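Data block below; observations after.
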Amino acid sequence: MERVLTALMDLVVPPASMVMLAFAWPTLSFLRALEWALKALTKEDMRGKVVLVTGASSAIGEQVAYEYARRGANLVLVARREHRLFAVRENARALGAGHVLVVAADVVREDDCGRLVADTISYFGQLDHLVNTVSLGHDFLFEEAGDTAAFPHLMDINFWGNVYPTYAALPYLRQSHGRVVVNASVDTWLPMPRMSLYSAAKAAVVDFYETLRYEVKDEVGITVATHGWIGGEPGAGTETQAQAQVQQWTKADTALPAPGGQAVEEYARAVVDGACRGDARVRRPGWYDVFHVFRAFAPDVLGWTFRLLLSTAPAPPTVAGTGRRALVVAPVGAPAAALPAPPVRPLIEYPAAVAG
């Protein structure tokens with residue numbers, strides 16, 4: 001009897017749900033538009049509030065910091081490259097940021113995350129937004145990887161690099177009724193070839209925050225932002241020969257946005273706008289949403305598409321004698337860098353000046 005009931009449900013529920021959704025879609029779209037308009041009128045004023053941005057030394061994190069600076073927020077800039085943080089700090093001040101605190105830290109180390117949050121509270125006395133933008137992408141088939149030592153590093157950056165800062169900041173975000181902003185990717189629900197570990201880590205991140213959303217309820221807001229393939233680091237100069245070679249192997253590029261993609265600045269602006277409105281999710285570009293339907297009801301279409309793309313893609317260079325290519329990964333939207341990264345000397349600078 002149970003098998004018959006299950007088989008009947010398999011036949012009836014999917015088409016019936018689609019019919020109900022088709023009739024309800026206009027009403028749902030209207031209600032969503034009203035909700036968006038109401039949130040736009042009651043957008044959070046960030047002047048004088050404290051925003052902690054991880055991965056702020058380049059690419060998405062840097063541009064997110066600038067967007068908050070334009071809104072008059074106080075900033076805590078976190079990354080491993082301290083010299084880049086100083087440059088971002090000066091730019092943020094020029095754009096209207098209040099106090100800007102620089103903290104060099106590694107977000108995959110729990111003790112570093114506890115330290116950077118403690119320093120934020122010690123200096124500002126509060127924390128209103130935590131923005132996790134750290135990402136490390138790759139562009140290789142799983143079996144082509146010649147060095148598995150980088151596998152844990154990819155998972156650490158893309159998953160634990162979000163979880164540890166959130167764990168340290170959550171008690172203070174509860175006090176301020178603040179918000180966590182997460183930089184994810186369309187790969188979380190649209191798995192792409194050559195991005196297996198990246199997609200897995202980002203999917204874990206999204207599931208983690210969607211679960212956390214129910215645990216924190218209305219005490220802490222959570223905005224999950226997903227992007228398609230976006231361009232490289234704004235303001236980057238001409239590529240070196242080594243960077244050009246790495247660009248062929250990595251998801252990140254260093255100069256122009258990929259065809260059909262969007263600029264990093266536009267994505268960062270959409271993320272901050274959504275966070276200030278209190279949006280639960282921000283997706284750019286929005287047309288990627290259509291693939292939700294294909295994945296749920298016609299997954300074979302995506303499979304055929306990927307096979308077609310792979311069959312026409314040029315073969316990457318391989319490591320002689322192994323049939324495998326050298327594994328190279330790089331921060332998404334930033335210049336590629338070889339692994340492992342150099343150790344970081346903890347540094348905190350307390351600036352006295354206030355941008356005017």
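Per residue, the accessible area of region 151-203 comes to 34 Å² when a 1.4 Å probe rolls over the protein heavy atoms. Taking all protein chains as present, what is the carbon and sulfur share of the accessible area of region 1-100, in % to the nearest whole number, probe 1.4 Å? With neighbouring chains kept in place, the figure for region 1-100 is 68 percent.
On region 118-165, 56 percent of the accessible area sits on carbon and sulfur atoms, based on a 1.4 Å probe. Over all other residues within a Cβ to Cβ distance under 13 Å of F306, the charged ones net out to +1, with Lys and Arg as +1 and Asp and Glu as -1.
Here's the picture: charge each Lys and Arg Cβ at +1 and each Asp and Glu Cβ at -1 in region 14-134, and of A33, A104, M20 the one pushed furthest to the positive end of that dipole is A33.
Taking amide H as placed 1.01 Å from N in the peptide plane, the amide H of V181 sits under 5 Å from that of L130, V131, N132, T223, each at least 5 places away or on another chain. The alpha-carbon of K43 sits under 16 angstrom from the alpha-carbons of these aspartates and glutamates, leaving out residues fewer than 8 places away in its chain: E35, E67, D128, D273, D279. Computed about its Cα centre, the charge dipole of region 95-175 is approximately 500 debye, with only Lys, Arg, Asp and Glu carrying charge at their Cβ.
The values are calculated or read from the model by the stated rules, or taken from the named source; none is laboratory data. Predicted model only: the values in this text are computed from it and were never measured. We place every Cβ from the backbone using ideal geometry, glycine too, and count neighbours over all the protein chains shown. Heavy atoms of the whole protein, side chains included, go into the accessibility calculation; ligands, DNA and RNA do not. Shrake-Rupley method; radii C 1.70, N 1.55, O 1.52, S 1.80 Å.
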